[in-house]
Structures are given as structure tokens and as C-alpha cells.
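Novice: Input: one structure, supplied below.
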Amino acid sequence: MSIRMNGSSKPGGTPSVPPPAPAAPAPAPAAPTAPDALQLTTGLNGVQPLPGGLDEVPVLNSNHPEIVYGPGVIVSTLPGDGQSHLDYAFRGPFEVFTHHQNRADRDLYQALVLHNPGTAPVRVKVGPSAATITNRAPYRDHGPIPAPDPWGMRASGPGDKTAMDFLRGGRAIKAEELVLAPGETRVVHALRLPPGNEGTGAFRFASEGPVHGAVVIEDAPPTAAGVKRRLDAGTLMPRSSHDPIATVPGAPGQLIFGRVAGVQTGAAWRGRLTTDGQAFRVTDQADSQSWVLVGKRSNTLGTGQDQAAPLARRYGDTAYAAHGNYGVTYELELPLRNDSAQAREVRLYFDSPGKPLPHLSRVFRGAIAIDVVDAAGRVKTEYVHVSQKAGELGTAPLTTLKLPPGAQRAVRVRLVYPANSTPPHALRVETGEPLNVMQRLGDKLRGWLGL
């Protein structure tokens, strides 16, 4: 049996891992009994739940402890007792997300490990992959105006850079296929973490047979024999004081989300943004509609929609869901139809509504891909970089389209939610004239700067 990548393979071409399975319909959001913390401070005219839902693709998520001081096992799904090893086998499409910071006084090395538990070889296809550290992607304080970024040069921090490279189909793992021998434990990617550096990784695979995964920190460049000895010992990395224990869902008192170490269900969220189930209808009336992005428990912008990926396996002191959805791909289709007798303008904005958070300089730094399908069916992809503080609404559009009377167009918005972002956010569509003075000024400034 063989796995086909992306549903097709061209002779001499480079295969890629198939996209995650179609998303299951999102459950109806629960009606909030009271406004959640951000509902009254959005600055928008009402935010809707995001259509669509998460797929069923499993993700090995390694973010606990976030801060590491020495070697140890971060997370392991190898067969075991459920204490050190979560005993979860991946088969078919799966992904891996990692995010850790070295606080030791020496270099540490992060090893991504795959293990074949069976008696026959297992083929694993390797798709897009990306990994970087702070030294290679330093933080930069870009202004609030979205900027075209065709070459991916505006990344700020390793979370932003890794998400950007993954979105663009990066190849941190050069091999297109791995063959794991029976019983083999292999280091498939190693990332050096100098002192003080954060490191973020995102990887997509597809396996023909069962494989287990692990993330291990070593003192020296990792070897298969070394990580196997550490995994056999089963000593987990101790929890850092920076990683508080998550509260049980529904428990009274302070809500503590915690950090993730385990297997989440859901690598991508897909949906269609429409006004009638078929298309987003553009009429003679100016209109503005928004949808929540990365809504999480108590922070849903009043929609009641918790988009956090659930966990199929977790350690006892870690998060109960992937509340930040770090590394999750959002693919949102916006089918447009101009029902007006006049040419109309459609603008797409990214917002980070809510109460400003003085302790955070930025709540989102990331790349957004805009795929625009013209009247002839040709697809043009634009990459835009967004940097926002809490409470900032987009003052300039990600993209602007002009639709002739009766025209139909399709736009697709794609992003990989970056580590070190703080949800929730919103995607806003406007038609007609810009609805406020700040947006008009932002559009003009963008034009003056050639953006």
C-alpha cells in the first residue's frame, strides 16, 4: 500500500503530505449566559461564530514545560504506562508542533523522534516542515499597518517565522520519505537551542503504518541511541514554575489554561464565510461583518464558540485543550457575489479586538495568505504580514477587491496560528465606503506608502 501526497503526484515532481481530512461541522456554540470578558470591548458591531470546524488529524503538541533547563523527555506517545509515555500510535496524516525556551547556561538540543513499534518497515511521507530559533528570527516591533510580504522577510520571533515558513511549504526536513525499520527509534529533526533562545517547530507527516512520536531535550547533538536510552528511562522533564497547573474545566475559582503536552485532535479549521449559505452577498448597502478567530473558553468575543482543539492524550498537570491553537492552520473561503447594479468594493481586515493588555507588546505577529480567484479562474496569492496589539482593529485592509455588477469571485484566507500570539481575533469583511475616519486614513496612508 502506498500513500498519495496531496491526492496526486506528477512525474518528477515533489510529493507532499495529503491535506487533512475535510472538517467536521462545528458544533453549535453554546449561548453564553453572560457577556464574556471581551464581548463589551470589541469595538465591532457584533462578531459571529466562525463557520466550519476542526478536522480529525492528530497533532503531537509539545509546549509543556515551555522553559527547559536541561535534558529530559518533554512528551512521548511511545507504548508505556500512561505516566511517562502516552501510548498513542499515529497512522495516516499527522502533525507535530513544538515550542520551548532554553534557560540553561549552555546549548541544549531538541530532538523530534519517531518510533516504529512493529515487526515490518513503515514508510512515512514528509510534507511541509519549519523550525527556527530566536537568534535566526529576532523580535521586531512592526507598526500596525498590514504590509505586503512576498518574500517572507517581516517575521518577528520564532513563532511567527516558523508559522510563516510552514504556510509557504517550507522544508526543514529535506527528505521526502522516511522508512523506519522494525523497532527503530529515529531522530528525524534536531534543533539547537542556544542559551536564552526560544525554538518553534511545525511538521507534517503521513504514515503507512503505526508510528509513535516523542520530543526529547539533550545536552549534546542527539543520537538515536541516546534518545532511546532516555525514552527507556522514562524520566519526564520537571514542570517549571512558569507553567502553572491547569484548572479542571468547570471548576470554580481562577481559570488557568496551562500549557499543552499531548496529542490534540485537529490540525486545520476550514469554513466558508457566507451570508446566505452560498455566497457573501454584496448589495447597495454598506455592510460590515466579523467572525471570531481562535476563540477560547471565556474569550470568544461574545459568540460562545470555543475553537480550542481537544486533547486525545495529555499529562495530568497540563492543559485540557489546546487553548491557543498554536500551529493550527485556518483555511477560510469567502465566495463573493455582487447583487448590486453598481460596481462595489470589498475589503478584508484582521482585528485583535478586546481590552488592551499593557503587559503584552503584541498579541499577534503573523503571515496571512490571500488567494484571489479572478473571473478567468486564475489564482493569485498575496502574502501580508500583520502585527497588532490587543484592542487594535485593522486600519488598512489585507486586500481590496472591486466587483463589477453581477460578478462572482472567490477569496481564500489562510494562516497558521503562530506561537506567542494571544487570542482571540476577528476577520472582518466590509463593503461600500470605509465605515469610519480611522479606516479611511489608514487606507490613504497605505496608498501613500505604496502598500
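Novice: Express the accessible area of the range 165-270 per residue in Å², computed with a 1.4 Å probe while the remaining protein chains stay in the model.
Specialist: 41
Novice: Rounded to the nearest whole Å², what accessible area per residue is found for the range 75-157 with the 1.4 Å probe?
Specialist: Solvent-accessible surface per residue comes out at 40 Å².
Novice: What value, in deg cm²/dmol to 500, does the helix sum -39500 (n - 2.57) over DSSP H runs of n ≥ 4 give at 222 nm once divided by the residues of the chain?
Specialist: Rounded to the nearest 500, it is -2000 deg cm²/dmol.
Novice: Turning to a different aspect of this structure: Based on the mean of other beta carbon atoms within 10 Å per residue, what is the order of 272-284, 417-429, 191-203, 335-347, most packed first?
Specialist: 417-429, 191-203, 335-347, 272-284
Novice: Which peptide among 293-305, 153-165, 70-82 comes first, and what is the full order, when sorted by highest mean count of other Cβ atoms within 10 Å?
Specialist: Highest mean packing first, the order is 153-165, 293-305, 70-82.
Novice: Additional query: Report the gain in length on full extension from GLU56 to ARG91: 0.36 nm times residue separation, minus Cα-Cα distance, nm rounded to one decimal.
Specialist: Stretched out fully, the GLU56 to ARG91 stretch lengthens by 11.4 nm.
Novice: How much of the accessible area of the chain, probe 1.4 Å, is carbon plus sulfur, in whole percent?
Specialist: Working: 10100 of 18670 Å².
Carbon and sulfur together cover 54 percent of it.
Novice: I'd like the accessible area for VAL413: 1.4 Å probe, protein heavy atoms, all chains in place, Å² to the nearest 10.
Specialist: Its heavy atoms expose roughly 10 Å² to the probe.
Novice: Taking only C-alpha pairs under 8 Å that are 6+ residues apart, what is the relative contact order of the chain in percent?
Specialist: Details: 1259 pairs, mean separation 99.5, N = 451.
Once divided by the residue count of the chain, the mean separation gives 22 percent.
Novice: I'd like the distance separating the alpha-carbon centroids of the range 85-134 and the range 233-271, in whole Å.
Specialist: Using only Cα atoms to place each centre, the spacing works out to 18 Å.
Novice: So how many Lys-Lys pairs in the chain land under 26 Å Cα to Cα, not counting same-chain pairs under 8 apart?
Specialist: Going through the chain pair by pair, I get 18.
Novice: Full-extension gain between ILE145 and ALA376, please, as 0.36 nm times their residue separation minus the C-alpha to C-alpha distance.
Specialist: Numbers: separation 231, 0.36 × 231 = 83.16 nm, distance 3.09 nm.
So the chain would gain 80.1 nm between ILE145 and ALA376.
Novice: Please compute the net charge surrounding THR185, taking Lys and Arg as +1 and Asp and Glu as -1 over other residues with Cβ under 13 Å from its Cβ. Write down the numbers at each step before the final one.
Specialist: Working: positive: ARG186, LYS228, ARG229, ARG230; negative: GLU184, ASP232.
With Lys, Arg at +1 and Asp, Glu at -1, the neighbours total +2.
The values are calculated or read from the model by the stated rules, or taken from the named source; none is laboratory data. Just so we're clear, the structure is a prediction, and the values are computed from it rather than from any experiment. Note that each Cβ is placed from the backbone with ideal geometry, even for glycine, and that neighbours are counted across all protein chains shown. Protein only, heavy atoms only, side chains kept; ligands, DNA and RNA dropped before computing areas. Shrake-Rupley method; radii C 1.70, N 1.55, O 1.52, S 1.80 Å.
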